[in-house]
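One structure below.
The values are calculated or read from the model by the stated rules, or taken from the named source; none is laboratory data. This one's a predicted model, so the numbers in the text were calculated from it and none came from an experiment. Here the Cβ positions follow ideal geometry from the backbone for every residue, glycine too, while neighbour counts run over all protein chains shown.
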Amino acid sequence: MHTVDPRPGFAQRMTKEEINTCPVRRWEGVTHVVRTTTELNQAVRALANETILGFDTETRPAYHKGESYLPSLLQLAGENEVYLFQLKHLGLPTPLREILANPEVIKAGVALAYDLQELHKLAQFRPASFVDLGNLAKKAEIKNHGLRGLAAVLLGFRIAKGAQTSNWARDVLAPTQIQYAATDAWVGRELYLKLRSDEE
(Lines give C-alpha, C1' and ligand atoms only; values in the text may rest on other atoms or scores of the structure.)
Protein backbone atom coordinates (compact mmCIF):
# COMPACT_ATOMS: atom_id res chain seq x y z
CA MET A 1 0.00 0.00 0.00
CA HIS A 2 1.33 3.43 -0.95
CA THR A 3 1.53 5.62 2.14
CA VAL A 4 1.66 9.40 1.86
CA ASP A 5 4.72 11.00 3.42
CA PRO A 6 3.27 13.08 6.30
CA ARG A 7 6.05 15.70 6.30
CA PRO A 8 5.06 19.27 5.29
CA GLY A 9 5.73 19.80 1.61
CA PHE A 10 5.33 16.10 0.82
CA ALA A 11 1.73 15.30 1.78
CA GLN A 12 0.70 18.76 0.65
CA ARG A 13 2.34 21.99 -0.37
CA MET A 14 3.96 23.90 2.52
CA THR A 15 2.06 27.18 2.88
CA LYS A 16 3.54 30.66 3.11
CA GLU A 17 2.41 30.77 6.75
CA GLU A 18 4.20 27.50 7.53
CA ILE A 19 7.34 28.69 5.75
CA ASN A 20 7.25 31.92 7.78
CA THR A 21 7.48 29.94 11.03
CA CYS A 22 10.91 28.60 9.99
CA PRO A 23 14.00 30.45 11.25
CA VAL A 24 15.77 32.71 8.75
CA ARG A 25 19.23 31.63 7.59
CA ARG A 26 21.73 33.44 5.42
CA TRP A 27 25.05 32.62 3.82
CA GLU A 28 27.63 33.54 6.47
CA GLY A 29 30.78 32.59 4.58
CA VAL A 30 33.12 34.46 2.26
CA THR A 31 31.54 36.26 -0.70
CA HIS A 32 33.52 37.76 -3.58
CA VAL A 33 32.00 40.47 -5.78
CA VAL A 34 33.74 40.17 -9.15
CA ARG A 35 33.82 43.15 -11.51
CA THR A 36 37.32 43.37 -13.04
CA THR A 37 39.27 41.02 -15.32
CA THR A 38 41.82 40.40 -12.57
CA GLU A 39 39.07 39.43 -10.11
CA LEU A 40 37.47 37.26 -12.80
CA ASN A 41 40.70 35.34 -13.39
CA GLN A 42 41.17 34.79 -9.64
CA ALA A 43 37.56 33.59 -9.28
CA VAL A 44 37.80 31.18 -12.20
CA ARG A 45 41.03 29.71 -10.81
CA ALA A 46 39.36 29.21 -7.40
CA LEU A 47 36.28 27.63 -8.99
CA ALA A 48 38.38 25.21 -11.06
CA ASN A 49 38.38 22.68 -8.19
CA GLU A 50 34.59 22.71 -7.71
CA THR A 51 32.37 19.97 -9.14
CA ILE A 52 29.02 21.20 -7.72
CA LEU A 53 28.02 24.87 -7.90
CA GLY A 54 24.90 26.61 -6.71
CA PHE A 55 23.71 28.82 -9.58
CA ASP A 56 21.46 31.87 -9.81
CA THR A 57 21.12 35.19 -11.61
CA GLU A 58 19.61 38.54 -10.64
CA THR A 59 18.08 41.10 -12.99
CA ARG A 60 16.97 44.65 -12.37
CA PRO A 61 13.17 44.57 -12.02
CA ALA A 62 11.06 46.15 -14.77
CA TYR A 63 7.94 48.01 -13.68
CA HIS A 64 6.65 49.37 -16.99
CA LYS A 65 5.20 47.67 -20.05
CA GLY A 66 7.83 47.01 -22.69
CA GLU A 67 10.66 47.62 -20.23
CA SER A 68 13.23 44.86 -19.80
CA TYR A 69 16.80 44.49 -18.60
CA LEU A 70 19.63 42.09 -19.19
CA PRO A 71 20.84 39.99 -16.24
CA SER A 72 22.94 42.09 -13.86
CA LEU A 73 24.46 39.40 -11.70
CA LEU A 74 25.52 35.76 -12.04
CA GLN A 75 26.06 33.90 -8.77
CA LEU A 76 28.11 30.72 -8.38
CA ALA A 77 28.43 29.08 -4.97
CA GLY A 78 31.24 26.62 -4.28
CA GLU A 79 31.77 24.59 -1.14
CA ASN A 80 33.32 27.40 0.93
CA GLU A 81 32.99 30.63 -1.05
CA VAL A 82 30.39 32.37 -3.20
CA TYR A 83 31.22 34.46 -6.25
CA LEU A 84 28.97 37.23 -7.56
CA PHE A 85 29.86 38.27 -11.10
CA GLN A 86 28.66 41.78 -12.01
CA LEU A 87 27.72 41.27 -15.66
CA LYS A 88 27.25 45.01 -16.14
CA HIS A 89 31.03 45.38 -15.81
CA LEU A 90 32.13 42.03 -17.25
CA GLY A 91 29.58 41.00 -19.86
CA LEU A 92 29.59 37.20 -20.11
CA PRO A 93 33.28 36.54 -20.76
CA THR A 94 34.76 33.30 -22.12
CA PRO A 95 35.97 31.92 -18.72
CA LEU A 96 32.42 32.15 -17.34
CA ARG A 97 30.89 30.64 -20.47
CA GLU A 98 33.36 27.75 -20.15
CA ILE A 99 32.11 27.01 -16.61
CA LEU A 100 28.49 27.13 -17.81
CA ALA A 101 29.32 24.74 -20.67
CA ASN A 102 31.50 22.36 -18.64
CA PRO A 103 29.79 18.94 -18.39
CA GLU A 104 32.05 18.00 -15.43
CA VAL A 105 30.60 20.75 -13.21
CA ILE A 106 27.02 20.51 -11.94
CA LYS A 107 25.18 23.84 -11.75
CA ALA A 108 22.10 23.58 -9.51
CA GLY A 109 19.30 26.14 -9.21
CA VAL A 110 15.59 26.75 -9.86
CA ALA A 111 13.77 28.02 -12.96
CA LEU A 112 16.97 27.55 -14.96
CA ALA A 113 15.41 27.73 -18.43
CA TYR A 114 14.59 31.41 -17.97
CA ASP A 115 17.99 32.27 -16.47
CA LEU A 116 19.81 30.57 -19.33
CA GLN A 117 17.59 32.18 -21.95
CA GLU A 118 18.43 35.61 -20.51
CA LEU A 119 22.18 34.88 -20.26
CA HIS A 120 22.13 33.91 -23.95
CA LYS A 121 21.21 37.52 -24.72
CA LEU A 122 24.67 38.48 -23.44
CA ALA A 123 26.63 35.73 -25.25
CA GLN A 124 26.08 32.33 -26.80
CA PHE A 125 27.21 29.16 -25.01
CA ARG A 126 26.07 25.55 -24.79
CA PRO A 127 24.80 24.89 -21.26
CA ALA A 128 25.88 21.56 -19.75
CA SER A 129 25.15 19.76 -16.46
CA PHE A 130 22.49 22.19 -15.26
CA VAL A 131 20.17 20.60 -12.69
CA ASP A 132 16.79 22.21 -12.06
CA LEU A 133 15.93 21.65 -8.40
CA GLY A 134 12.21 22.01 -9.16
CA ASN A 135 12.41 18.92 -11.39
CA LEU A 136 14.31 16.96 -8.71
CA ALA A 137 11.66 18.01 -6.17
CA LYS A 138 8.85 16.76 -8.42
CA LYS A 139 10.59 13.38 -8.76
CA ALA A 140 10.88 13.24 -4.95
CA GLU A 141 7.11 14.01 -4.74
CA ILE A 142 7.69 17.33 -3.01
CA LYS A 143 4.88 19.80 -3.64
CA ASN A 144 6.98 22.98 -3.30
CA HIS A 145 9.24 23.68 -6.27
CA GLY A 146 10.60 27.19 -5.66
CA LEU A 147 13.85 27.96 -3.83
CA ARG A 148 12.15 29.43 -0.76
CA GLY A 149 9.69 26.56 -0.39
CA LEU A 150 12.32 23.89 -0.93
CA ALA A 151 14.66 25.47 1.63
CA ALA A 152 11.85 25.31 4.21
CA VAL A 153 10.80 21.75 3.31
CA LEU A 154 14.25 20.16 3.03
CA LEU A 155 16.58 22.36 5.08
CA GLY A 156 14.18 23.65 7.75
CA PHE A 157 14.88 27.36 7.29
CA ARG A 158 13.60 30.25 5.22
CA ILE A 159 15.36 32.78 3.04
CA ALA A 160 14.66 36.47 3.59
CA LYS A 161 13.36 38.03 0.38
CA GLY A 162 13.95 41.72 1.17
CA ALA A 163 16.45 42.52 -1.59
CA GLN A 164 14.73 40.51 -4.31
CA THR A 165 13.25 43.46 -6.21
CA SER A 166 16.10 45.91 -5.61
CA ASN A 167 18.12 47.51 -8.42
CA TRP A 168 20.63 44.83 -9.33
CA ALA A 169 22.12 47.03 -12.06
CA ARG A 170 23.52 49.58 -9.62
CA ASP A 171 27.24 50.19 -9.91
CA VAL A 172 28.09 49.12 -6.36
CA LEU A 173 25.89 46.52 -4.69
CA ALA A 174 24.57 47.17 -1.19
CA PRO A 175 25.59 44.72 1.59
CA THR A 176 21.99 43.46 1.79
CA GLN A 177 22.02 42.70 -1.95
CA ILE A 178 25.35 40.87 -1.68
CA GLN A 179 24.09 38.70 1.18
CA TYR A 180 20.77 37.98 -0.53
CA ALA A 181 22.41 37.01 -3.84
CA ALA A 182 25.04 34.84 -2.14
CA THR A 183 22.38 33.12 -0.02
CA ASP A 184 20.29 32.15 -3.06
CA ALA A 185 23.26 30.49 -4.78
CA TRP A 186 24.41 28.76 -1.58
CA VAL A 187 20.91 27.38 -0.93
CA GLY A 188 20.81 26.01 -4.49
CA ARG A 189 23.96 23.99 -3.80
CA GLU A 190 22.72 22.81 -0.38
CA LEU A 191 19.39 21.69 -1.84
CA TYR A 192 21.10 19.74 -4.59
CA LEU A 193 23.26 17.91 -2.04
CA LYS A 194 20.21 17.16 0.14
CA LEU A 195 18.08 15.90 -2.76
CA ARG A 196 20.94 13.77 -4.04
CA SER A 197 21.62 12.21 -0.61
CA ASP A 198 17.89 11.49 -0.17
CA GLU A 199 17.96 9.56 -3.45
CA GLU A 200 20.85 7.34 -2.36
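Assorted remarks:
- Taken over region 33-56, the criterion of being surrounded by 14 or more Cβ atoms within 10 Å (Cβ to Cβ) and closer than 25 Å to LYS194 by Cα is satisfied by ALA46, LEU47, GLU50, ILE52, LEU53, GLY54, PHE55, ASP56.
- Test set (1) over 30 Å from ARG7 (Cβ atoms); (2) polar (S, T, N, Q); (3) free of Cβ contacts under 8 Å to residues at least 12 places away in the same chain - ASN135 fails condition number: (1)
- The condition of being touching a strand residue (DSSP E or B) at 6+ places or on another chain (Cβ under 6 Å) and not β-branched (Val, Ile, Thr) holds for only one of LEU47, LEU84, LEU70, that being LEU84.
- Filtering region 53-66 to residues that are out of contact with any helix residue (DSSP H, G or I) (no Cβ under 6 Å at 6 or more places or on another chain) and either over 23 Å from ARG170 (Cα atoms) or charged (D, E, K, R) (or both) leaves LEU53, ARG60, LYS65.
- The set of residues in region 100-135 that are more than 12 Å from the chain's Cα centre (by Cα) and within 19 Å of PRO61 (Cβ to Cβ) comprises TYR114, GLN117, GLU118, LEU119, LYS121, LEU122.
- Single condition LYS138 does not satisfy, out of (1) at pLDDT 95 or above; (2) within 23 Å of GLU190 (Cα to Cα); (3) surrounded by fewer than 20 Cβ atoms within 10 Å (Cβ to Cβ): (1)
- Selection count, region 89-128, where residues are buried (at least 20 other Cβ atoms within 10 Å of the Cβ) and either modelled with pLDDT under 95 or not aliphatic (A, V, I, L, M) (or both): 3
- Figure legend. Inter-residue proximity from region 115-128: first residues over 17 Å from GLU98 (Cβ atoms), second residues assigned to a loop (DSSP other than H, G, I, E, B), beta-carbon distance below 6 Å, spacing 6+ or different chains. Indicated pairs: LYS121/LEU70.
- Residue in region 68-88 that is hydroxyl-bearing (Ser, Thr, Tyr) and either at pLDDT below 95 or at positive phi (or both) present: yes
- In region 59-81, the qualifying residues are those that are hydrophobic (A, V, I, L, M, F, W, C) and out of contact with any Lys or Arg (no Cβ under 7 Å at 6 or more places or on another chain), and the one that is surrounded by the most Cβ atoms within 10 Å (Cβ to Cβ) is LEU76.
- Leading residue by the ranking (nearest to VAL110 (Cα to Cα)) among those in region 178-200 that are in contact (Cβ under 8 Å) with a residue 24 or more places away in the chain and polar (S, T, N, Q): THR183
- Residues in region 11-37 that are assigned to a loop (DSSP other than H, G, I, E, B), of a type in the set (Val, Ile, Thr) and at pLDDT 95 or above: THR36 alone.
- Matching residues in region 41-51 - criterion: being of a type in the set (A, V, I, L, M, F, W, C) and closer than 14 Å to GLN75 by Cβ: ALA43, LEU47
- Applying the condition of being of a type in the set (Val, Ile, Thr) and in contact with a strand residue (DSSP E or B) (Cβ under 8 Å, 6 or more places away or on another chain) to region 101-146 and asking which residue is nearest to MET14 (Cα to Cα) yields VAL110.
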